[in-house]
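Bear in mind these aren't lab numbers, they're just calculated from the coordinates by the rules spelled out. Everything quoted here is computed from the prediction, not taken from an experiment. Cβ coordinates were reconstructed from backbone atoms using ideal geometry, including for glycine residues, and neighbour counts include every protein chain displayed.
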Amino acid sequence: MLFSQQVHDVRIEDCVIGGSETTGAQFADSEAVLIGNFIHDNDHGVSIAGKSNVRLERNVITRSLFEAVVVSDRARAVLVSNTLVKNGGGAAFLGQSQSDVTGNVVGLNRRGFVIAPSSQTTTSFNAFYNTDGDYLREGNPNQPAPELKAQSDITGDPHFVDPGHDDFRLRLDTPLLKIGHFPYLGALAPASTAARRSD
């Protein structure tokens, strides 16, 4: 795992982080940018806590036992153009965290987003395809909250190339092309323009 506490100007790019028995990448009171990483097979993919300020861009986070991303305490996070797939949940926004979440594909998870009433979370242009709901309010148990859905969100099969073998590129017939200002949603370009990942 990668653990950062009270560090600044951290940039993690094009890395494979996986197989941890805890969190893949954890930030406490830190500033960091994660770009183009493959984060897999952890309890949580990325945890952002304390007064951290973290940007996640074009990462693939898969096979987390729980959430792919957890933002808690007073942390700030920007999640843009990530693919959060085959996890217990896509992302949880807890405590008094502040998050801006746009252009992500959140699919094949049990849950999409879990949002605490105390958090400030703005979402737009995200694509959802999850079994137990796309938006939930934090609680015991979590409660479905379809009213949180942004008008710009898209729901339905993203048309991955081969999700059974972790090929999460979009097929050319995907409905996720040219959405808002994004040429495509998620981390990986459509199949005709991207080389197959060797992870």
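The convex hull drawn around the Cα atoms of segment 52-144, when projected onto a plane and averaged over every direction, covers 5.0 nm².
Would you order ARG11, ARG74 from fewest to most other beta-carbon atoms within 10 Å of each residue's own beta-carbon? The order, fewest Cβ neighbours first, is ARG11, ARG74.
Each Lys and Arg contributes +1 and each Asp and Glu -1, all at the Cβ; summed about the Cα centre of the chain, the dipole is approximately 280 debye.
When the Cα gyration tensor is reduced to axis lengths a ≥ b ≥ c, the ratio a/c is 1.5 or higher for segment 25-85, and with a/b not above b/c it is classed as oblate.
The modelled label-to-label distance between ASP9 and GLN151, using points 7 Å beyond Cα along the C-beta direction, is 4.3 nm. Each of LEU188, LEU177, LEU56, LEU94 was scored by other Cβ atoms within 10 Å of its Cβ. Arranged with the fewest first, they read LEU177, LEU94, LEU188, LEU56. Look at the dipole of the chain built from charges on Cβ: of GLY180, GLY90, THR102, the Cα furthest out on the positive end belongs to GLY180.
Counting only Cα atoms, I'd like the Rg/Rh figure for the chain, Kirkwood definition for Rh. Provide the component values of the computation, followed by the final result.
Numbers: Rg = 15.3 Å, Rh = 16.3 Å.
Ratio of gyration radius to Kirkwood radius: 0.94.
For MET1 and ARG137, what does the FRET efficiency come to when R0 = 25 Å and r is the distance between their Cβ atoms, rounded to the nearest 0.05? Before the final figure, lay out each step's value.
Working: r = 29 Å, r/R0 = 1.18.
Efficiency, rounded to the nearest 0.05: 0.25.
Sorted fewest first by neighbouring Cβ atoms within 10 angstrom, LYS178, LYS51, LYS149 come out as LYS178, LYS51, LYS149.
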